[in-house]
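Worksheet: the structure to be examined is printed underneath.
Every read-out reported here was derived from the displayed coordinates using simple, explicitly stated rules and does not represent laboratory data. Just so it is clear, the model here is predicted, and its values are computed rather than measured. Quick reminder, even Gly has a Cβ in these numbers, built from the backbone with ideal geometry, and neighbours come from all protein chains shown.
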Amino acid sequence: MAGPHDVGIIGLAVMGGNLTRNFARHGLTVAGYNRTYTRTAALLAAEHDRAHPGRGCITGVRRLEDLVAALRRPRRILVMVKAGAAVDDVLARLTPLLSSGDIVIDGGNSSFHDTDRRVVTAGASGVTFVGMGVSGGAAGALYGPSLMPGGPKHAYRSLARLFTRTAAMADSGPCITYCGRGSAGHFVKMIHNGIEYADMQIIAEAQDLLRNGLGLPASAISDVFAEWNAGELASYLMAITADIVRAPDDLGENGLLLDQIDDVTGRTGSGRMVPQAALELGIAVPTITAAVDARLLASLPELRQRLARRFAPAPRPMPQRRAAVRAIGEAVLAAKICAYAQGFQLLAEAADVLDYGTDLAEVARIWKAGCIIRSEFLDEVRTALARAPGPDHLLQDAAFGRTIRRCLGGWRRTVQRATAQGIALPAISASLAYFDTVRRAHLPTNVVQAQRDLFGAHGYQRRDRHGRFSSSWSVASTTRRRPKGGDRHG
Ligand code: NBP
């Protein structure tokens, strides 16, 4: 084995294998370990055949002991195994082999709660545990991912020296930043994934409406997406969907590949962690939740098929109108703004309550390249978040406010049209309901407060006076209000 290696990687599947190759191409020496050695052997064999600058920089090992022995100290070891129990398995075997000052980085999609727990467990042995989000899928890992490390600042400095050169490069610099203390790196990645869910769902809904609501053929839908991708909706996801909708079936003789792809999605995605965290922190993220729910509902095919036979009149396409297409584009943009507003509001809350100290504008910056949600739009998000004093909610930003006002008519018409045709737009309409809720100074939750006071004497606050009140609802009197408890009105 060659001299001390710069970094160790545990887990050489899609992500770990490609990151290993990426690191080697950038001149890092990497020792790689995988539980099943055949994966290690396959990676080494593939690299052996390749003539690239990183050739010879990768060493494959069969045992964790060998990996640890191969590394320069303090050791830096990136774990890229399946999120969940596998990470704990690896840590249980790895930590006893390490020395104080070594750094273990979990680059998987781990829950931030797990990361908080592992920081403590590893810390008891003097090992620094870092949760780092990695985005970009297989291609990003190979050619430059967006990297979201959190944890102690000293660990970040050590990692940044290694990883910065391997990250994606945006016009504003490499897509790596310090995401904040503790489990901030995995929280930021979780928000990224939630927004990714919403972005994908919104585009899928637009496709549904263009096809089943307006009756556009696939080639025309592809053209619409390509046109949107040339404007303010430009994004990686829009670009790939323009190609997806017109792709011919590669196994059949005729037709579109999309028509042969089952609509049942996996139920294991990390996006579902966002609504859970949002509930814990008391922040509403209805667009992201709608996107998660849409996948859960998609995973009930038998129920849907039974109910489709019972209820569904097939939506009757309306004649296509250029204005309707434009309105759908406006709905997509407005819904997207709402999804980002929710995601960043949740992140802002975590930065404060969980003491992450995350720089939100920096997060928007490092999502600009390398990751699945990369888009021009993130420049506007970053500008809004960087403004001093920054808006505590993206909808308060003047530029986004102007966009929402411009899109509002088309957004409403799109939701109305879809509703009339029986085509669900869960994320687009949840966004509109969100907007119509947060833009109102007075909400019908005063009724809820009154109900709670009537049946549970929970009390309420009044608009016209200070203090807490409770009423004698049995006589429904507006004149018999009395201040509640010791907190009498002033
Ligand atoms: P997978 O999530 O499919 O995990 C496979 C890897 O985990 C293999 O190396 C496997 O070893 C290893 N592993 C398992 Br499973 N159980 C283990 C255990 N008990 N001990 C040791 N190793 C174990 O791989 P992936 O798709 O490369 O993703 C890796 C991480 O990166 C995940 O957390 C994932 O969520 C995250 N991520 C994935 C993507 C993506 O696009 N795929 C993007 C961003 C982040 P084996 O070969 O012996 O079975």
Pop the C-beta distance of Ser472 and Leu443 into the FRET formula with R0 = 25 Å and round what comes out to the nearest 0.05.
-> 0.50
The helix 112-123 Cα axis meets the longest alpha-carbon principal axis of the chain at an angle in degrees, between 0 and 90 and rounded to 10, of 40
Shape metrics for the stretch 189-438, restricted to C-alpha atoms - Rg then Dmax, Å = 18.1, 59
How far apart, in nm, are two points set 7 Å out from the Cα along the Cα-to-Cβ line at Ala450 and at Arg161?
-> 6.7
Note down the relative contact order for the stretch 7-178 as a percent, whole number, built from C-alpha pairs under 8 angstrom at least six residues apart.
-> 20
Relative contact order for the chain using alpha-carbon pairs under 8 Å, separation at least 6, rounded to a whole percent?
-> 13
FRET E, pair Asp262, Arg326, Förster distance 45 Å, beta-carbon r, rounded to 0.05 | 0.90
In the stretch 99-233, with Lys and Arg counted as +1 and Asp and Glu as -1 at Cβ, which of these residues, Ser111, Ala122, Gly194, has the Cα nearest the positive end of the dipole, that is, farthest along it?
-> Ala122
If you wrap the stretch 242-317's Cα atoms in a convex hull and average its projection over all directions, what's the area in nm²?
-> 7.9
Between the alpha carbon centres of the stretch 406-443 and the stretch 320-340 the gap in Å comes to 10
Length gained when the stretch Asp88-Asp208 is fully extended (0.36 nm per residue, less Cα-Cα span) = 39.0 nm
Subtracting the Cα-Cα distance from 0.36 nm times the residue separation, let me have the gained length for Arg406 to Gln276 in nm, one decimal.
-> 43.5 nm
Neighbour net charge for Leu257 - beta-carbon separation under 11 angstrom, K R +1, D E -1 = -3
For the stretch 7-178, what class follows from the C-alpha gyration tensor (a ≥ b ≥ c being the square roots of its eigenvalues): rounded when a/c is under 1.5, otherwise prolate if a/b is larger than b/c, else oblate?
-> oblate
How high is the FRET efficiency between Arg309 and Ala424 when r is their beta carbon distance and R₀ equals 25 Å, given to the nearest 0.05?
-> 0.90
Per DSSP H run of n ≥ 4, the term is -39500 (n - 2.57); total these for the chain, divide by its residue number, and report the mean residue ellipticity at 222 nm rounded to 500 deg cm²/dmol.
-> -16500 deg cm²/dmol
Long-range amide H contacts for Arg468: which residues qualify at under 5 Å (H placed 1.01 Å from N, peptide plane, sequence gap of 5 or more or a different chain)?
-> Lys484, His489
Determine, for each peptide in 134-143, 365-374, the mean count of other beta carbons within 10 angstrom over its residues, then list the peptides with the highest first.
-> 365-374, 134-143
Counting only residues 5 or more apart in sequence or on a different chain, those whose built amide H sits under 5 Å from that of Leu78 are Gly8, Ile9, Ile10, Ile105
Counting only DSSP beta bridges with both residues in the chain, tell me the antiparallel percent, nearest 5.
-> 35
Fewest Cβ neighbours within 10 Å first, please rank Thr414, Thr358 accordingly.
-> Thr358, Thr414
Using the C-alpha atoms of the chain, what convex hull volume per residue, in cubic angstrom, is computed?
-> 204
